[in-house]
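Here the structure is laid out as structure tokens; the discussion comes afterwards.
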Amino acid sequence: MASVANPADINPRQVANKSDKRAFLDAIRMTLAVQSPAVRHNTQTFNRNRYAATARLADYDALKDRAREIKQNAIANLPELLRQLEASVRANGGHFYLAKTAADADRYISEVLTRHEAKLVVKGKSITSEEIKLNHALEAAGITVAETDLAEFILQVADEQPSHIVAPALHYSRERITALFKRKFTTDLPLDTGEELTVFAREKLRQKFIAADAGISGANLIAADSGSLMLVESEGNIRMTMILPPVHIAIAGIEKVVPSRTDFGTFIELLPRSGTGQPLTSYVSILHPPLKAPPFAAPGKQPKTREFHLVLIDNGRSRMREDPVLQEALRCIRCSACLNSCANFETVGGHAFGGETYSGGIGGSWEAGTGKLLNARFSELCTGCSRCVNNCPVRIDIPWLNEALRQRMNFEQPASAAKSGFGAMTGSAAEDRVAPLQKQFFANYHVMAKGATRFASVSNALTSMPFVRGVMESVVGLDRRRKLPPFPKKTWEELYRTQQGRGTVRTDLPKVLMLADVFTNYGSPERGMAAVRVLREVGFDVELSAPLPDGRAAISQGMIATAREQAVPLAAMLMPHIDNGETVCVLEPSVLAMLRFDYAHLLDAATWSRLSKGKFVEPLQLVWSLTEGASLPDLSKAFPAGRSPHGKHVFYHSHCQQRTCNAATETIEVLRACGFDVVTSSVECCGMAGSFGYKRDYYELSMAVGEDLFAQVRAAEQDGPRTLVASGTSCHEQLWAGMGRKVLHPAELLVSTLA
Ligand code: SF4
Ligand code: SF4
């Protein structure tokens with residue numbers, strides 16, 4: 001078990017396998033201490049570029065649909081495509097090998113190279129070769145492998161695994177690369193600039209290309225009808241790897257096969273844009289091996305005959321194809337958009353949020369599918385924020401995969417009387433009672449919160465006692481450094497019953513059912529009441545629902561059966577209102593996302609089909625919708641910013657899932673229409689993410705993620721203070737922790753303008 005005191009002394013390889021919990025936690029410490037600045041800078045640059053590049057694509061959504069359809073059909077018809085591909089490769093004069101396992105692939109490739117008496121092999125970047133640990137196998141066979149991608153070259157020198165699926169050494173700053181090269185090579189060169197480092201590496205690699213006996217490449221896609229390979233790259237090294245040596249071995253997972261070369265175009269449009277934000281990479285190769293032109297030969301020597309081998313690797317993929325959840329990951333085109341748009345990944349990178357090979361939100365499914373389930377432990381860093389979902393070019397529901405992995409990991413846990421008793425007491429579904437106490441505690445938040453609000457004064461006194469916090473930390477892992485918001489004396493439901501002012505109802509507006517989500521009901525009822533008042537002020541007829549749990553807390557702990565047991569009655573409660581044409585207004589954005597997307601996984605098809613016809617909106621979306629109607633309210637008169645005691649200058653942070661639901665811009669529009677001067681945050685997620693930031697294991701990471709948001713607040717306040725406004729409960733708590741002051745909900749800000 002890895003446990004090193006000083007994070008700077010931890011080598012990433014020591015903590016690559018996350019089946020060891022200690023290694024996982026050490027990896028978080030190491031990446032936060034050593035790698036975070038470079039990872040942040042590089043991923044956030046890619047992410048910004050991706051937003052810009054995809055915004056310029058007029059048919060982005062259609063392209064995503066097309067890409068998903070191609071991959072979907074290819075996975076469905078995979079056995080047939082593999083037969084067709086084998087025939088194409090052989091007809092072209094190449095060799096075809098389908099390796100069942102990593103060891104099988106390594107053996108085949110070693111045998112081919114040994115037969116050719118190869119001593120030196122040049123290699124292009126291939127994540128699949130990392131998966132099968134090809135370099136180790138070849139070195140054991142006495143063959144030297146030269147990584148020719150600059151990033152892979154750096155990692156080979158450092159003996160580290162990739163930290164990113166597109167930019168494997170993105171955790172290295174220029175300064176760290178200089179120090180590494182100075183340590184590992186004898187040179188008088190200063191190596192102080194990116195250009196000097198590149199020239200230095202290129203000089204070393206040129207010699208390898210010239211002397212190489214064989215080249216090994218990966219493949220982004222392979223066409224079954226022709227045996228053509230598609231490869232995208234920035235450096236040109238892959239092209240040289242495939243063209244210069246006499247023997248070319250291409251390796252790829254079986255999921256890379258598509259029916260035809262004509263399918264490549266869609267992915268050439270999407271892949272570079274989704275990855276680094278480039279409209280096109282510097283080199284796009286579409287190759288039809290073996291090439292007819294002779295390979296490189298040193299002056300005075302005869303070129304050898306070309307030979308081409310396509311090695312397709314199964315290594316668990318056929319099993320994934322049969323798996324109702326993991327088969328979704330086979331559609332992945334390894335673009336890295338889900339890594340770069342993920343706040344947690346942006347902060348620690350793939351040496352913590354990744355395993356021995358694969359990283360990021362999608363990485364857990366690949367580690368579990370091609371290796372062991374527990375290697376996917378790092379998928380715990382997926383908070384379900386959903387920022388990656390709209391950015392995935394093949395529309396993979398990445399948080400759902402991670403929730404399902406979490407469920408499987410829960411099931412690997414040994415049962416115990418304590419867990420079972422606690423689960424029965426708090427309402428966990430029978431099959432989820434093997435989950436750790438911490439997960440059951442957070443999954444059943446509504447039960448604890450209900451009891452705590454009933455005796456709010458006692459609960460608040462208890463939870464402010466260091467001894468109690470210590471017990472909570474050791475029993476359920478609730479970090480004692482995280483301040484707990486006080487429980488209210490009256491729930492939202494109780495306040496609503498006692499404060500029933502109705503305002504003038506406009507009969508032309510739809511009736512609104514306000515969902516009494518458990519987070520607002522037991523945590524911040526004043527926010528809920530503010531939302532009710534704002535909607536009534538502009539003429540909506542608003543009713544508050546009963547406070548039922550919605551499954552959000554449970555699904556994020558991987559307790560899917562519990563989430564389902566909560567979703568079914570909530571859906572039944574909503575259905576008559578939906579059938580009646582009412583609008584369902586949801587204050588808590590994570591619950592809004594739950595109703596709009598996640599219930600597809602929890603409800604039966606017929607119920608989901610009915611429920612998904614419902615209109616689920618955020619309160620200020622409803623207010624903004626009035627500005628599109630026949631009788632426009634003047635928001636600057638309805639909620640005049642000048643009357644707010646909080647002032648006109650605000651900093652607004654919208655919630656991650658609110659943005660995924662496309663439900664954030666209306667809030668900003670409403671506030672501006674009322675006369676507020678609004679500066680908005682641009683972070684993907686505040687880092688709190690429900691229970692995530694409360695957990696002892698992730699507190700430091702959560703606060704490190706939050707630092708980007710806090711820095712944006714500080715920057716916005718250079719000319720004077722601003723009132724902090726946020727839409728999500730978690731965001732309130734994170735801003736409160738980071739900035740040390742009160743945060744308002746937009747509805748509370750609007751209510752503050754009312755006389
Ligand atoms: S859902 Fe959020 S936390 Fe999870 S992988 Fe996607 S972006 Fe990252
Ligand atoms: S899951 Fe989607 S976004 Fe992530 S790497 Fe794969 S294709 Fe790209």
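For the stretch 333-350, enumerate the residues that are in contact with a Leu (Cβ under 8 Å, 6 or more places away or on another chain) and more than 10 Å from ligand 1 (Cβ to nearest atom).
Ile333, Cys335, Thr347, Val348, Gly349, Gly350
Considering only residues that are more than 9 Å from ligand 1 (Cβ to nearest atom) and either under 11 Å from the mean Cα position of the chain (by Cα) or within 23 Å of His655 (Cα to Cα) (or both), which ones fall in the stretch 402-419? Spell out how you get there, then give the answer.
As a first pass, look at the stretch 402-419 and keep what is more than 9 Å from ligand 1 (Cβ to nearest atom): 403-419.
Answer for the stretch 402-419, where residues must be more than 9 Å from ligand 1 (Cβ to nearest atom) and either under 11 Å from the mean Cα position of the chain (by Cα) or within 23 Å of His655 (Cα to Cα) (or both): just Glu403.
Determine if the stretch 295-318 includes at least one residue that is under 25 Å from Tyr60 (Cβ atoms), away from ligand 1 (no atom under 13 Å from the Cβ) and in contact (Cβ under 8 Å) with a residue 12 or more places away in the chain.
No, every residue in the stretch 295-318 fails to be under 25 Å from Tyr60 (Cβ atoms), away from ligand 1 (no atom under 13 Å from the Cβ) and in contact (Cβ under 8 Å) with a residue 12 or more places away in the chain.
Please indicate, with yes or no, whether at least one residue in the stretch 249-268 is over 30 Å from the mean Cα position of the chain (by Cα) and either within 15 Å of ligand 2 (Cβ to nearest atom) or buried (at least 21 other Cβ atoms within 10 Å of the Cβ) (or both).
Among the residues of the stretch 249-268, at least one is over 30 Å from the mean Cα position of the chain (by Cα) and either within 15 Å of ligand 2 (Cβ to nearest atom) or buried (at least 21 other Cβ atoms within 10 Å of the Cβ) (or both), which makes the answer yes.
Conditions first: (1) among the β-branched types (Val, Ile, Thr); (2) in contact (Cβ under 8 Å) with a residue 60 or more places away in the chain; (3) more than 16 Å from ligand 2 (Cβ to nearest atom). Val743 passes all but one, so which condition is the exception?
So the condition that Val743 fails would be (2).
Yes/no per residue for (1) free of Cβ contacts under 8 Å to residues at least 24 places away in the same chain; (2) on the phi > 0 side of the Ramachandran plot:
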residue	(1), (2)
Leu98	no, no
Ala105	no, no
Glu117	no, yes
Glu139	yes, no
Ile165	no, no
His171	no, no
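With under 14 Å from Gly558 (Cβ atoms), in a loop (DSSP other than H, G, I, E, B) and not assigned by TED's automatic domain parsing to the domain that holds Arg564 as the only criterion, which of Gln440, Gln413 stands out? Working first, answer last.
Values: Gln440 fails: in a loop (DSSP other than H, G, I, E, B).
Of the residues listed, the single one that is under 14 Å from Gly558 (Cβ atoms), in a loop (DSSP other than H, G, I, E, B) and not assigned by TED's automatic domain parsing to the domain that holds Arg564 is Gln413.
Select from the stretch 690-718 the residues that are among the small types (Gly, Ala, Ser), part of a helix (DSSP H, G or I) and closer than 22 Å to Val591 by Cα and list them in ascending order.
Residues satisfying the conditions are Gly693, Ser702, Gly706.
Return yes or no: is Phe378 surrounded by 22 or more Cβ atoms within 10 Å (Cβ to Cβ) and over 23 Å from Tyr51 (Cα atoms)?
Considered against the rule, which asks whether it is surrounded by 22 or more Cβ atoms within 10 Å (Cβ to Cβ) and over 23 Å from Tyr51 (Cα atoms), Phe378 comes out as yes.
So which helices (runs of 4 or more DSSP H) are wholly in the stretch 491-538 and hold at least 3 residues that are hydrophobic (A, V, I, L, M, F, W, C) and either under 38 Å from the mean Cα position of the chain (by Cα) or modelled with pLDDT of 90 or more (or both)?
Hits in the stretch 491-538: 525-537.
Starting from the stretch 393-417, take each residue that is among the basic types (Lys, Arg) and list its partners that are within 11 Å of ligand 2 (Cβ to nearest atom), counting only C-beta distances under 8 angstrom and pairs at least six apart or across chains.
Arg395/Lys64; Arg395/Arg68; Arg395/Val389
Taking the stated definitions as given, is Ala201 within 14 Å of Glu147 (Cα to Cα), among the hydrophobic types (A, V, I, L, M, F, W, C) and within 34 Å of the chain's Cα centre (by Cα)?
So Ala201 fits the description; yes.
Which condition number does Ser163 fail, the rest of (1) assigned to a helix (DSSP H, G or I); (2) hydroxyl-bearing (Ser, Thr, Tyr); (3) within 16 Å of ligand 2 (Cβ to nearest atom) being met?
(1)
Only residues that are touching a residue at least 24 places away in the same chain (Cβ under 8 Å) and open to solvent by 50 Å² or more (accessible area, probe 1.4 Å): list them for the stretch 12-24, please.
Selection gives Arg13, Asn17, Lys21.
List the number of the failed condition for Gln72; all other conditions in (1) closer than 30 Å to Asn410 by Cβ; (2) modelled with pLDDT of 95 or more; (3) crowded, with 20+ Cβ neighbours inside 10 Å hold.
Result: Gln72 passes all but (3).
The values are calculated or read from the model by the stated rules, or taken from the named source; none is laboratory data. Note that the coordinates shown come from a computational prediction; the quantities given were computed from them, not determined experimentally. Positions of Cβ are generated from backbone atoms using ideal geometry, with glycine treated the same way; all protein chains shown enter the neighbour counts. The area values use the complete protein model at the heavy-atom level, side chains included, leaving out ligands, DNA and RNA. Shrake-Rupley method; radii C 1.70, N 1.55, O 1.52, S 1.80 Å.
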